[in-house]
1. Taking the Cβ of Arg112 as the centre, find all other residues whose Cβ is under 15 Å away and add up their charges (Lys, Arg: +1; Asp, Glu: -1).
2. Give a residue-ordered list of calculated ³J(HN,Hα) values for segment 82-96 (Karplus: 6.51 cos²θ - 1.76 cosθ + 1.60, θ = phi - 60°; whole Hz; x for Gly, Pro).
3. Please list the non-local residues whose amide H lies under 5 Å from the amide H of Asn56, H modeled 1.01 Å from N, same-chain partners needing a gap of 5 or more.
4. Please identify every one of the GluC sites (Glu not before Pro) in segment 23-122 that sits in a loop by DSSP and has no more than 12 other beta carbons within 10 Å of its own beta carbon.
5. Tally Lys/Arg at +1 and Asp/Glu at -1 over every other residue whose Cβ is under 12 Å from the Cβ of Arg87; what's the total?
6. For a Förster distance of 30 Å, can you work out the FRET efficiency between the beta-carbons of Thr26 and Asp77, rounded to the nearest 0.05?
7. Below 12 angstrom from the Cβ of Trp59, what's the summed charge of the other residues (Lys, Arg +1; Asp, Glu -1)?
8. Two decimals, Cα atoms only, Kirkwood Rh: what is Rg/Rh over segment 19-112?
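Throughout, read-outs are computed from the coordinates displayed, never taken from laboratory work. In this text, all values refer to a predicted model and were calculated from it rather than measured experimentally. For neighbour counting, all protein chains shown are included, and Cβ atoms are generated from backbone atoms with ideal geometry for every residue, glycine included.
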Amino acid sequence: MSTVSVDLPPYAKVVFRYGRPVVLLTALLMSIPGEIHLAEVAGWESVSMFGLFTLNVAWGMPVCVSVYAACSAVIADVAKRLSLPNRKSAQVGAVAALALALTAQDVSHWIRADYMGTSWILVGAVSAIPPIVAFHMLHMAAAPESTASEVEVEDVADDEFEADDDSAKGPRRKGKPGRPGLTEEEVNAAIESLEEAGKDVTPETLGKALGRAPRTARRYLKVIKRAEIPAAETSQAGTFQLSI
């Protein structure tokens, strides 16, 4: 997989870097009044905290709804990318959190506009939001402490090149007929010839030198590069530690 560098125009860089957090913050701020109102409708009010000060606990509803939805979306994306054990729960939670945030806003504005009134069902549903959110966040927190993930990769160094002795000749891979593979010496010779000619060793140039497709040449380059890794780093039989 090749990496492409894209030079964005200045205005696009500003939008990409600062636009997203501004939009997110604005959306969260606009969600606060409706969610606080919904909490107040359900019966949350100001309470005395140990006689020291008074706290309006209804202000916690935006955290349980909008902020929870934002957190769930991020956790679901990270869990999917790293294949964490809780990725299914995180994805389901992200969808449920978005539905919860949308419903909370709609219901609050319907009540304010006198399209509907409160009921015991609505009060019960709103009252259940904080414990449900707390339970799901604790469940998603059961992810591994480290974000490192071990990935098993096929060790192709042994079967990518054609063996030198005649006794090992024959089909290298079942079900994949075609031209016989090249030996490691042939690939190294082609690389040396490119370097002597002052050419960059890329999948395209190596492919032309070997008479192979760039994709095949890229695979050979990966094998050569892996062969140069010290034995101490490759002693686990093709198991690599990928740290994100």
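1. The answer is -4.
2. Coupling constants for segment 82-96: 9, 6, 6, x, 9, 5, 5, 5, 5, 5, 5, x, 5, 5, 5 Hz.
3. Val47
4. Loop-located and lightly packed - Glu45.
5. Net charge around Arg87: +2.
6. 0.90
7. -3
8. 1.07
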